[in-house]
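The values are calculated or read from the model by the stated rules, or taken from the named source; none is laboratory data. This one's a predicted model, so the numbers in the text were calculated from it and none came from an experiment. Counting neighbours? That spans all protein chains shown, and the Cβs are built from the backbone with ideal geometry, glycine included. To get the accessible areas, we keep the full protein, side chains included, count just its heavy atoms, and leave off ligands, DNA and RNA. Shrake-Rupley method; radii C 1.70, N 1.55, O 1.52, S 1.80 Å.
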Amino acid sequence: MPKWDNNKKILFTFVAMKIRITKHDILLLGIQIVVWLVLILVPAITTFLSTHNWIDSWHALKLAANITSLPAGIYFLNYCVIVPLCYYRGRRWLFFLINALIVGALVWLFFFSFPDPQKIMDSHSNEQEKKMALITYYASTVFFFFEHIVMACLALLVHHVNRTREIKRQLKEEQHKRTEAELEWLKNQLNPHFLFNTLNNISSLIQIDADQAQDSIAQLSDLLRYAMYETQNERVPLKREIEFMQNYIDLMKLRCNERTIVHSHFSSLNSQLTIAPLLFISLIENAFKHGVSSNRDSSVEISLTTDDHLLTFVCKNTNYPKDEQNRSGSGIGVENTKRRLELIYQDRYTWEQETIDNIYQVKITIQL
């Protein structure tokens, strides 16, 4: 007895693994059972509402149960066993073979259970009645055949629709995981890049004004605290991001000489807006890196405004590209910014950039 129980447990585990039953599958199966029960009950309910006779309703219920029992059995046999174990296991030939054998068995039982065609014809005296009886007899056989085909195909169709939906759901989950992983990689790449450029600026400032450099280090500490801790969330308050950018611009202005004009304008009337952290800092870095010259007139203009949920960021600067010997840390930030915009605000942003009369401009609009 214990051995038999163990064998049953192994068998049930094997079948469950093969069919891969999930809660969704059980729910879907329950819905289908309810649908078939409704098909059986509707004639009885309709009969009672029209005749108010329980006996007539009971007869209607039995008739509906007799008519639907065979197609329902064929359907659930295919849905629960034949389709998942044969069709979707690389043995489609077995799916067709089993169904063909079932059809053959049903046709044989039909012929075995009903009278011989000749006896049916002999039971009628009128020739017209004999022909109609014979036609009805063979039509019933054909009906059994097509009924089985329809039920098997219906079971296969429901499985296919459910399987397609599940595959799409899994693909969407995988895409979401890949997107999160890529965003995390981009953020991890951005932080060292930001730190690298900022330390270079502080290093230059030390040679000019040591006291000011000390104050700037304290300001840098606040910037790094925000970059390292407050930006771990997917979104940060736009107000905090604006404070961060303004502090960074103030820090960058310290290394600019009297020939450089820096203007910044930030305006956001909606305090509830949030944004992806450190989204524009690379563009601001590049504006100072490639837009400021020590011996020529230079200008940097940065603005961020919001209109309801539409954010507009504009960065303009004179265009003094660095030579090949002085391109440390360049190129990483802009590509990261474009990629993050595509991943986070896909179909909800625009990117425009142009260079006119030695003025480089990039304009980004985002529907937050």
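Here are some notes:
- The slack between Asn53 and Leu70, meaning 0.36 nm per residue of separation minus the straight C-alpha distance, is 3.4 nm.
- Summarising the label geometry, the points placed 7 Å from Cα in the beta-carbon direction at Val158 and Ser299 lie 7.2 nm from one another.
- Once the chain from Ile206 to Ser267 is taken as fully extended at 0.36 nm per residue, the excess over their C-alpha distance is 18.7 nm.
- Among beta bridges that DSSP assigns inside region 212-368, antiparallel share in %, nearest 5: 75
- When the surface is traced with a 1.4 Å probe over the full set of protein chains, Leu311 keeps roughly 0 Å² accessible.
- Across Lys253/Lys289; Lys168/Lys338; Lys172/Lys363, pairs whose alpha-carbon gap is larger than 22 Å: Lys168/Lys338; Lys172/Lys363
- Order of exposure, largest accessible area first, which applies to Trp54, Trp108 with probe 1.4 Å: Trp54, Trp108
- Each of Glu230 and Leu199 was given a label point 7 Å from its Cα along the Cα-to-Cβ line. The distance between the two points is 2.3 nm.
- Rounded to 0.05, the FRET efficiency of the His309 and Gln219 pair, given R0 = 35 Å and the Cβ-Cβ distance, is 0.65.
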